[in-house]
Amino acid sequence: MKISSGFRSVAVAVIAAAGVSLASAAHADSGSIRFAVYKAAFFIGGAGGEGTLTFHGRRYPISVGGISGGLAFGASKTYFQGTVRHIRRARDVTGVYGAAGGGGALGRGAQVIVMTNDKGAQLQLTGRQVGLQVNADLSGMSIALR
């Protein structure tokens, strides 16, 4: 059975691309992240905070900002901690993260969230919220190295 050279070339290219994709994913690493965010909202809300990314034994200060819109009201402070995956260098954590969700806390509450930025960095966070905050909104968050 003869295989055309065009088909053979396409097959080799597809296999090579898959190999490069798997190799680059294998070299991605993870780190830990912690930050506190203050949030206030009355339909449109804002958030800001700061924290630390720990990556390859080094600590990097970060700043966090964000907006939200929808059914949201109240004020709260949330302490987040978790893992950032699929990064090759510390600056890969920078960028805009988006999520759609809902939740609420009266007094103390718990938050769990997974978000991804445009570089493929994935935040897997758990949080502890203090304050009165009720939301069913679309939110965005930006992280920058300081």
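Mind checking whether some residue in the range 45-58 is outside any strand (DSSP E or B) and without any contact (Cβ under 8 Å) to a residue 12 or more places away in the chain? Lay out the reasoning, then the answer.
Looking only at the range 45-58, we keep the residues that are outside any strand (DSSP E or B), and these are 56-57.
Now drop any that are not without any contact (Cβ under 8 Å) to a residue 12 or more places away in the chain, which leaves 57.
So far as the range 45-58 goes, yes, one or more of its residues are outside any strand (DSSP E or B) and without any contact (Cβ under 8 Å) to a residue 12 or more places away in the chain.
Considering only residues of the range 47-88 that are modelled with pLDDT under 95 and of a type in the set (Phe, Trp, Tyr), which is farthest from the chain's Cα centre (by Cα)?
73
Within the range 11-44, restricting attention to residues that are of a type in the set (A, V, I, L, M) and assigned to a strand (DSSP E or B), which residue is modelled with the lowest pLDDT?
The selected residue is 44.
Would the range 127-143 turn up any residue that is within 18 Å of the chain's Cα centre (by Cα) and modelled with pLDDT of 90 or more?
yes
The values are calculated or read from the model by the stated rules, or taken from the named source; none is laboratory data. What you see is a predicted model, and the numbers here were worked out from it, not measured in a lab. Don't worry about glycine lacking a Cβ; one is built from the backbone with ideal geometry, like all the others, and counts go over all protein chains shown.
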